[in-house]
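Worksheet: the structure to be examined is printed underneath.
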Amino acid sequence: GIRSLIENKRYIGVIEYLDSIEKMDALKIVVRSNNEIVNAILNSKINEFPNIKFLIQTQFKDFILSMTETVIILGNSIDNAIEAVNKLGEGKRQIYINLSENNQFLKIVIENEYIGNLPYLGNMLLSSKGKNRNGFGLENIKQVVDSHHGKMEINTTNQRFKLVIILEKQVY
């Protein structure tokens, strides 16, 4: 998929993939921000999971993340949310995504309900994605956040998972 293309720095392949998505008539283009990577990720998830209601707000001019960083943060966090809401009953499967900014910061919020207990190893939240179920997606996200002198907060009150990422726009 798109993640392996980016991880292997095969950007031509990514562009071809994005072009093929745009040509698909069945694809509902729902998100039209000024960032093609953000649009591609969000629209492909919306189309891949019609059983999930995505509530998306994008209010930014200057999305400061690179293509790779965008895939790491949005790809991993949305995949985690999809995994969680797919365990919920019909009609409860909602993922709230908000990408916004002010002069100093870019803010990414992803929120969803979950059922059961979240798996922790020490103080690290694990994901059940992947073969070895070690789910270091959040660890990868944290590395990107740290490189932007940002903050990442996770709140799990009342069976709601809320990931808030705040990134500094100017790193001096």
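The values are calculated or read from the model by the stated rules, or taken from the named source; none is laboratory data. Only a predicted model underlies this, so the values are computations on that prediction, with no experimental measurement involved. Cβ placement follows ideal geometry from the backbone for every residue including glycine, while neighbour counts extend to all protein chains displayed.
State all residues of segment 6-32 that are at pLDDT 75 or above, in a loop (DSSP other than H, G, I, E, B) and not hydrophobic (A, V, I, L, M, F, W, C); if no residue qualifies, say none.
Correct list: R32 only.
Can you find a residue in segment 48-55 that is farther than 20 Å from M152 by Cβ, in a strand (DSSP E or B), touching a helix residue (DSSP H, G or I) at 6+ places or on another chain (Cβ under 8 Å) and not charged (D, E, K, R)?
Keep residues of segment 48-55 that are farther than 20 Å from M152 by Cβ, which gives 48-55.
If we keep only those that are in a strand (DSSP E or B) as well, we get 53-55.
Remaining after also requiring touching a helix residue (DSSP H, G or I) at 6+ places or on another chain (Cβ under 8 Å): 54.
Now drop any that are not not charged (D, E, K, R), which leaves 54.
Yes, segment 48-55 contains at least one residue that is farther than 20 Å from M152 by Cβ, in a strand (DSSP E or B), touching a helix residue (DSSP H, G or I) at 6+ places or on another chain (Cβ under 8 Å) and not charged (D, E, K, R).
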